[in-house]
Amino acid sequence: MRMTCVVAMAFGLVAGITPTHAGTNERNGAGSKGSAPPRVEAVEVTGATAVRLDGDFGEAVWTRAVPITDFVQRDPKEGAPPSFTSEARVAYDTSYVYVAVRAFDGEPGRIVGIRTRRDSASPSDWIRVVIDSYHDHRTAYEFAVNPAGVKQDRYWFADGSSDQSWDAVWDVTVSRDAEGWKAEFRIPFSQLRFETGKRDTFGFAVIREIGRLNETSSWPLIAKSRTGFVSQLGELGGLQLAGGLKRLEVVPYGVAQVGTQPTESGNPFDKSPDPGGSVGADIKYALTPGLTMTATINPDFGQVEADPAVVNLTAFETFYPERRPFFVESSGNLRFDLDCNDGACTGLFYSRRIGRQPHGSPDVPAGSFASVPLQTTIIGAAKLTGRVGAFSIGALNAVTAEEQASVSFGSRSAAETVEPLTNYALVQAKREWANQSSLGFMLTSTARRITPDVEYLPSTATTGGVNWDWRLKDPRYSVTGYWSGSSVQGGAEAIDALQQSPVHYFQRPDAEHLEYDPTATSMNGHAGMVGFQKIGGQKVRFSFAGTYKTPGFDVNDVGYVRRADAIQQSSWVQFRWDTPTKRYRSVRLNLNQWAGWNFGGDTRFTGANVNAHVTLLSNWSAGAGFNVEGAGIDDRSTRGGPSMLSKRGANVWYYVESDSRKAVNGGWMGFYFRDETGSTAWRADPQFEWRPTSFLALSLGVGFEQMDEDTQWVDNIELGSTTHYVFGRIRQTTVGLPVRVNYTITPTLSVQIYAEPFVSAGAYSDFKELVRPRATPFASQFDAAAYAGNPDFNYQSFRSTNVLRWEFKPGSAVFVVWQQGREDVSETGRFRFRQDVGGLFGIPANNVFLVKFSYWLNL
């Protein structure tokens, strides 16, 4: 639907075009450009003296350590003295680095420590330790704790991007007294990566956040007005590391599970309850101090939250973010972005292709039954990430099993392959310079063992490309871009299906610039982008970019691209006011403009947007924007038929968010869209959170959307040699009610509940046929049509994931999980809230109960 594109642009351009990379050669956050970074010397723990992790700082080593005291405010008043002082000291021995931080507070009774599950964000006080162990001013490891003892860790890469899924094995204790609170960190060197022979100096910073004041201070100053993050760290010196470190970590696991589901009379594949189990292992091995190999054997991701339900009426594939820990961790070393929208990017590698739902489905005659695997089994996967000299390195290889569906024909049965044995591989390397410029490349490969059952799939697919971020003399300015090529090989059936997919639609009758060849056995293409950006500065930032993808460009075997045959241009200018006044903390004003064409010269779209955002002193925030979009040529609405004229339209969107520090908080987001024919859509997304105690949080969201679209594609009907392209008016109502409950018994023992009832109903009327493509005005393209089908639908879904997690020792955990799914669809377009939502729990349920045990070994 065209509305979907408009809405995506509206929310995607809230903050304008976000640069993929950010960096600077201004490494001293407290001084002037080019001056030496501030430095602290670590004290060695000698003799029989040991650091006891008790939060007391009673060991003699802490009296010998020189304290860091010159913290500087980062937010809200950059460069100002902090409201309360802080002290930090650093010590080390052969295995650990120790950091002791005292956070003084004049009102210790108001210190905020919200108890949540590990890695969860909360408006608490926080102490964060950041270590650039490779000392490359690009990558770093962050370890954080709040006064309730909740731990967070993350991996920083590309100077300003972070991977919050990274989990290390480390310890910290906290304590409170009449002067404030303390945190004592013990971080194993085995969890850090550094260059052999250069172990004497690390990059280093300590950051303190005061929740009730919404204030952040740091040593040294990590200025928000400058580009980059890691490049602004200070230095930790005095380290004299000798001897070898433990290199091997093994986490074996075992899973026992049982599933229940509704059974069908006579179906030999139905079994309820259906018990099962598996074993596997995750392995990490430090090939060098800076390069780590991570592998997984027969992985299980049963504890991962289910994807939300959606109803997709477009021609394009739904994109789901990756949630599986193995693929999320260190994903920053495996990125080659092609398309980015407000920081959400897709590109040459989309890890959800690995272990995906099988491509095929068997032909099941009437009266027969079939059993089809829900996911493809990952036999094993391994990845290599880290640094070698001035290069950041990433490589991955994964093998997925051949999957077969079983079909029962009375007393006989047969097996049909629905997914072939497949190998996925990629390698990436990026050369990085001291001024934060970079030049990288990526190669990917997908290879399938094709059998007669799956000849509709390509046998091989290869992609590759180079990308760059080149800083000018003033590092606030950069020239960015990429070039990428793709080649897909296979039988004629596979390449024909690829040519006719929504990514390409080579068969379009009016696409004279395309060559549709049903006998082709390969498809090749390329894509590129070049942009000029100002990525730093206190008042003004901007980006101007142009991109293209040739009609034959395709990376979807192991990457993600929505469509090819595209040329686009975009501009973004942002005005910033970050210095707090008596009225606000910060203000943003963004101006955007965009346009797109296909390689046939058709203008696909044009548009512009203005939006503004403000954060008040009360910590409330709000924003709004207005989009206008001109008419163009839509070459996808007919699903492979002729292109049609699209409609002019406009929308307004807005949001309000309350102070998240309050026990009751929430927000409201919405939009309203209208086009030249009177088609409308509006959405409201109120969200509420209640924290009755520091260890319990309940949240409820309401996603309500109504759409009245007069030209929604319905069907392409073949009558003899003529194809009739049928559209209709759809009145669709969608309601989603996501609910979350987080109960944290201790920082290592928690219960998480997620559930979402979801209903979407659509009723069609006023059927029409496209008979005069591209005619003006818009409505003159159609004549009324008699349509005998019934495309109405009422889709109902309930999905829940309930997880008890106990980290009984660092790196080792027990999961107890209950997942439930209910789903039904009927041919009625009427939406009745009470009946539809209430009726969800009358739908037969599929349940999975599992227990997963994993144990961390450092060998």
Calculate the spin-label point distance for Phe808 paired with Lys473, positioning each point 7 Å from the Cα along the beta-carbon direction, and give it in nanometres. 6.5 nm
Could you grab the relative contact order for the stretch 81-144? Cα pairs under 8 Å, six or more apart, rounded to a whole percent. 20 percent
Probe 1.4 Å, protein heavy atoms only - accessible area per residue of the chain in square angstrom: 41 Å²
Can you give me the C-alpha center-to-center distance between the stretch 300-358 and the stretch 101-171, rounded to a whole angstrom? 26 Å
Which three extents, in angstrom, do the Cα atoms of the stretch 751-844 have along their principal axes, listed largest first? 69, 32, 18
Just to verify a number: what accessible area does Ile717 come out at with the full protein assembly present, 1.4 Å probe, Å² rounded to tens? 50 Å²
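Taking Cα pairs under 8 Å and at least six residues apart, what relative contact order does the stretch 175-331 come out at, in percent? Intermediate values should be presented prior to the final figure.
Working: 172 pairs, mean separation 26.2, N = 157.
For the stretch 175-331, the relative contact order is 17 percent.
Stokes-Einstein at 37 °C, 0.692 mPa s, Kirkwood radius from Cα pairs: D for the stretch 231-292 in µm² s⁻¹?
189 µm²/s
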Between helix 2-12 and the chain, what is the angle of the helix's C-alpha long axis to the longest principal axis, kept within 0 to 90° and rounded to the nearest 10? 10 degrees
For n ≥ 4 DSSP H runs only, could you compute -39500 (n - 2.57) per run for the chain, divide by its residues and tell me the 222 nm figure to the nearest 500? -1000 deg cm²/dmol
Reciprocal of mean inverse Cα separation for the stretch 715-791 (Kirkwood radius, Å): 16.7 Å
If you take the C-alpha gyration tensor of the stretch 364-517, multiply each eigenvalue by 5 and take the square root, what semi-axes do you get, largest first, in whole Å? 42, 23, 11
Gap in Å between the Cα centre of the stretch 645-668 and the Cα centre of the stretch 255-286? 41 Å
Please list, by residue number, everything in the stretch 690-717 whose backbone N is under 20 Å from a paramagnetic label point 7 Å out along Cα→Cβ of Ala306. 699-704
Non-local amide H neighbours of Phe71 (under 5 Å, H modeled in plane, Pro and chain starts lacking H): which ones? Ser86
Reachable aspartates and glutamates from Lys430, Cα under 14 Å, same-chain residues fewer than 8 places away excluded? Asp136, Asp159, Asp337, Asp469
Which percent of Cα-Cα pairs in the stretch 360-417 sits in each 10 Å bin, short to long? 19, 30, 19, 14, 11, 6, 1
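Which residues make up the longest stretch of the chain that has no GluC sites (Glu not before Pro) in a DSSP loop with at most 11 other Cβ atoms within 10 Å? Let's see the in-between values first.
On the way: sites that count: Glu264, Glu512, Glu515, Glu827.
Between the exposed loop sites, the longest stretch runs 516-826.
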For the chain, what is the relative contact order in percent, using Cα pairs closer than 8 Å and at least 6 residues apart in sequence? 10 percent
Distribution output for the stretch 292-400: share of Cα-Cα pairs per 5 Å bin in percent, first bin at 0, values 2, 8, 16, 19, 19, 15, 9, 5, 3, 2, 1, 0, 0
Distant alpha-carbon pairs in the stretch 178-238 (separation over 15 angstrom), percent: 67 percent
Find the all-direction average of the projected area of the Cα convex hull for the stretch 448-500, expressing the result in square nanometres with one decimal place. 5.2 nm²
Taking θ = phi - 60°, what integer Hz values does the Karplus form 6.51 cos²θ - 1.76 cosθ + 1.60 yield along the stretch 653-666, in sequence order, with x for Gly and Pro? 9, 7, 7, 9, 10, 7, 5, 5, 6, 6, 5, 10, 8, x
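Using the C-alpha atoms of the stretch 492-557, what convex hull volume per residue, in cubic angstrom, is computed? Mind dumping the intermediate values first?
Working: hull volume 8.0 nm³, N = 66.
In the stretch 492-557, the Cα convex hull volume per residue is 121 Å³.
Subtract the Cα-Cα distance of Leu719 and Ile745 from 0.36 nm times their separation in residues, and report this length gain in nm to one decimal. Please report the intermediate quantities before stating the final value.
Values: separation 26, 0.36 × 26 = 9.36 nm, distance 6.51 nm.
Full extension from Leu719 to Ile745 adds 2.8 nm.
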C-alpha center-to-center spacing [the stretch 453-518, the stretch 677-742] in angstrom: 31 Å
Can you tell me what the convex hull of the Cα atoms of the stretch 511-661 projects to on average, as an area in nm²? 12.5 nm²
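Quick check on my link table: of Lys224/Lys534; Lys473/Lys549; Lys151/Lys852; Lys383/Lys549, which ones sit more than 20 Å apart, alpha carbon to alpha carbon? Working shown, then result.
Working: Lys224/Lys534 15 Å; Lys473/Lys549 31 Å; Lys151/Lys852 22 Å; Lys383/Lys549 29 Å.
Result: Lys473/Lys549; Lys151/Lys852; Lys383/Lys549 exceed 20 Å.
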Accessible surface of the chain, 1.4 Å probe, proportion on carbon and sulfur as whole %: 56 percent
If we restrict to alpha carbons, what Rg and Dmax does the stretch 803-859 come to, in Å? 19.3, 62
Rounded to whole angstroms and listed largest first, the alpha-carbon spread of the chain along its three principal axes comes to 91, 63, 53
Expressed as a whole percent, how much of the Cα-Cα distance distribution for the stretch 163-269 exceeds 18 Å? 73 percent
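Please arrange Trp156, Trp577, Trp690 by accessible surface area, largest first, computed with a 1.4 Å probe and ligands excluded. List each step's numbers first, then the result.
Numbers: Trp156 25, Trp577 95, Trp690 130 Å².
Result, largest first: Trp690, Trp577, Trp156.
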Taking only Cα atoms of the stretch 652-737, what ratio of Rg to Rh do you get with Rh as the Kirkwood inverse-distance radius? 1.26
From the residues Ile68, Gln191, Gly531, which one has its Cα farthest along the dipole of the chain in the positive direction, the dipole being from +1 and -1 charges on Cβ of Lys/Arg and Asp/Glu about the Cα centre? Ile68
Rounded to the angstrom and largest first, Cα extents along the principal axes for the stretch 52-208 equal 46, 36, 33
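The values are calculated or read from the model by the stated rules, or taken from the named source; none is laboratory data. Please read these numbers as outputs of a predicted model, since none were measured by experiment. Ideal geometry is used to build each Cβ from the backbone, glycine not excepted, and the neighbour counts take in all protein chains shown. For accessibility, only protein heavy atoms count, side chains too; no ligands or nucleic acids. Shrake-Rupley method; radii C 1.70, N 1.55, O 1.52, S 1.80 Å.
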